[in-house]
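Q: One structure, as structure tokens, below. Some questions next.
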Amino acid sequence: MKKHHFVLISSVAFILLFLNQNIGLNLALFGLFLVSMIAYFFKERMGNYPEQILVVTSILSCLAFAWYGDFVSFLAVALSILFLQFRIQSPQLLIIQALPIIVINSLATCVRFFQFSKWLPDAKINTNLVKIIVAYCIIPMSFVSLFFIVYSFGSDHFSSLWIDYTLDFNPYQFIFVVVFGTYFSFSFWNYWVPEICLEMNSKLNDELNKDISENNQNSFALLDSDFKRRSGEITFLLLNLMLVVFLVTFNYEQFFESIASSKLSAATHERVNAVLFSIFLSIVVVLLYFKGQFNFDSKAKNMKVLAKTWMVLNGFLIVSTLIINSEYIAFFGLTYKRLGVYVFLFLAALSLFFTFRKITKQKSNAYLFNQMIWYCYGVILLCSFVNWGNLITVYNISFNKGVEPLFLSDLNFNDNARRQFFIENKLDGKYVEELREEEIQLRQKDSFLSTALYYEFLK
């Protein structure tokens, strides 16, 4: 099939699924439809593992959205299908370019759609067909419309035969669904990769060309190599000393200094945020120094050792924060934020690992981003598959921590466990529980295409 066939079929499917509907099961069905189209019509490009894995994760994320219908599963569906299309249409490009190209395609559609000669086939006008349309349709309907108006003024009963009824039709919604469905379908199937992205791809490889050592491509262009090397050694030495002092004070304050219970939550969150931000800055500093010739500078051994030491010390900082968060959960129970800390610490640890590997294996800065994009995507997938609200509820009830009725009523997708716990302990979630029950009733009244299957199976 040609591109315009894909655009037309996808647009029709979008209109049928979303017209007069809210976002729900229809999005999952549309996602499965797109994955099926890609897998069937581009099966010759499915020979590599990344494409095959993306097909599986796309299907699983669609099923997750069909069940939950929440933002995380929506994000998983969007990334899965867009990454799959990216790999199918431009397998030679690195994943670091995926999101920029998707954005560029979306913006360019506003112009490219109206360049009909570039994506629509040349149409040959059939004069006989034109004559039939004009003679049998346009001319008769024009006269019928004219006399209908005239006769309507002369007879109320005649007029009521044709206009005394209402249609369940919202023209504004219809126009929006048609326009957005066509816009998305065109952007998705009429894929366009700018020339600059093809030219940039070689510069975004994981491996560095040793010839780059002859060029001065570092962040501090005003300094020559010796000054840059000495500057890096001084910087990393001071940062190592500062981090050692911070590790001592951080762990002393957390494990040996008493904090009032009312202030413990705020203090813990502040420290965790400070740790995560400091690790982010640590990676930025390493990327600033280790680019260009410094990756191959044989005289920069001391700076590399100091940078690696700094990465290891940051690793100890992650372990300390992990212990702190675990103790906090043991005392107060699970929450979304405390689970989120684990997620960010995991990603921070991965970032440090790949940064350490970048220094050791003389990789490019793009190497870190090419790796982390996949792992961030994997984390989003995992978050979309697991019912975290129910997990938090079951854990907290089991350990009798964080079982306040208002808190439990504010969690998502925990309704069976919450209701049973409230009945057994005669608890009342008050207005929060009432709002949650009202939301459940409204969702259960949704049409089939607008619903989330979780609410369909909820008793």
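The values are calculated or read from the model by the stated rules, or taken from the named source; none is laboratory data. Bear in mind the structure is a predicted one, so any value in this text is a computation, not a measurement. Virtual Cβ from ideal backbone geometry, glycine too; neighbours counted across all protein chains shown.
Q: Take the residues in segment 335-387 that are in contact with a Gly (Cβ under 9 Å, 6 or more places away or on another chain) and assigned to a helix (DSSP H, G or I); name whichever of them is nearest to LEU408 (Cα to Cα).
A: TYR336
Q: So, one more: Tally the residues that are buried (at least 17 other Cβ atoms within 10 Å of the Cβ) and closer than 24 Å to TYR454 by Cα, restricting the search to segment 30-49.
A: Counting residues in segment 30-49 that are buried (at least 17 other Cβ atoms within 10 Å of the Cβ) and closer than 24 Å to TYR454 by Cα gives 5.
Q: Another question, if that's okay. Are any residues in segment 408-431 of a type in the set (A, V, I, L, M, F, W, C) and either buried (at least 16 other Cβ atoms within 10 Å of the Cβ) or assigned by TED's automatic domain parsing to the domain that holds ILE15 (or both), and if so, which ones?
A: Within segment 408-431, LEU408, LEU411, PHE413, ALA417, PHE421, PHE422, LEU427 qualify.
Q: Only one of PHE227, PHE188 is at pLDDT 80 or above and of a type in the set (Phe, Trp, Tyr). Can you tell me which?
A: Details: PHE227 fails: at pLDDT 80 or above.
Selected residue: PHE188, the only one of PHE227, PHE188 that is at pLDDT 80 or above and of a type in the set (Phe, Trp, Tyr).
Q: Given the structure, is TYR377 in contact with a helix residue (DSSP H, G or I) (Cβ under 7 Å, 6 or more places away or on another chain), in contact (Cβ under 8 Å) with a residue 40 or more places away in the chain, buried (at least 20 other Cβ atoms within 10 Å of the Cβ) and not aliphatic (A, V, I, L, M)?
A: Here the answer is no, as TYR377 does not meet what is asked.
Q: When only residues in segment 440-454 that are in a loop (DSSP other than H, G, I, E, B) and more than 22 Å from the chain's Cα centre (by Cα) count, which is surrounded by the most Cβ atoms within 10 Å (Cβ to Cβ)?
A: My answer is ASP446.
Q: Another question, then. Please give the helices (runs of 4 or more DSSP H) falling wholly within segment 1-68 in which 2 or more residues are under 15 Å from SER80 (Cβ atoms) and of a type outside the set (Val, Ile, Thr).
A: Counting at least 2 such residues, we get 25-41, 49-68.
Q: Take TYR395 and decide whether it is aromatic (Phe, Trp, Tyr), modelled with pLDDT under 95 and part of a helix (DSSP H, G or I). Walk me through how you get there before you give the answer.
A: On the way: aromatic (Phe, Trp, Tyr): yes; modelled with pLDDT under 95: no; part of a helix (DSSP H, G or I): yes.
No.
Let's see how each residue does on (1) free of Cβ contacts under 8 Å to residues at least 40 places away in the same chain; (2) among the aromatic types (Phe, Trp, Tyr):
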site: ASP410; (1), (2): yes, no
site: ARG419; (1), (2): yes, no
site: PHE422; (1), (2): yes, yes
site: GLY429; (1), (2): yes, no
site: LEU435; (1), (2): yes, no
site: ILE440; (1), (2): yes, no
site: ARG443; (1), (2): yes, no
site: SER447; (1), (2): no, no
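Q: Is it fair to say ILE329 is farther than 19 Å from LEU239 by Cα and among the hydrophobic types (A, V, I, L, M, F, W, C)?
A: yes
Q: Here is a list: LEU198, LEU161. Which entry is closer than 30 Å to GLN92 by Cβ and either surrounded by 10 or more Cβ atoms within 10 Å (Cβ to Cβ) or modelled with pLDDT under 85 (or both)?
A: None of the others qualify; the one that does is LEU198.
Q: Same structure again: Being surrounded by fewer than 18 Cβ atoms within 10 Å (Cβ to Cβ), in contact (Cβ under 8 Å) with a residue 24 or more places away in the chain and under 21 Å from GLY378 (Cβ atoms) narrows it down to one residue among LEU79, LEU60; which is it?
A: It is LEU60.
Q: Right, here's the next one. PRO91 fails exactly one of the following numbered conditions: (1) surrounded by 10 or more Cβ atoms within 10 Å (Cβ to Cβ); (2) part of a helix (DSSP H, G or I); (3) in the same structural domain as PRO194 (by TED's automatic domain parsing). What is the number of that condition?
A: Result: PRO91 passes all but (2).
Q: Check whether at least one residue in segment 123-139 is assigned to a helix (DSSP H, G or I), within 22 Å of SER10 (Cα to Cα) and modelled with pLDDT of 80 or more, and report yes or no. Write out each step before concluding.
A: To start, the set of residues in segment 123-139 that are assigned to a helix (DSSP H, G or I) comprises 127-139.
When the remaining residues are screened for being within 22 Å of SER10 (Cα to Cα), the result is none.
Looking through segment 123-139, none of the residues is assigned to a helix (DSSP H, G or I), within 22 Å of SER10 (Cα to Cα) and modelled with pLDDT of 80 or more.
Q: Right, another one. Filter segment 308-348 for residues that are farther than 18 Å from PHE246 by Cα and of a type in the set (Lys, Arg); which is surrounded by the fewest Cβ atoms within 10 Å (Cβ to Cβ)?
A: LYS337
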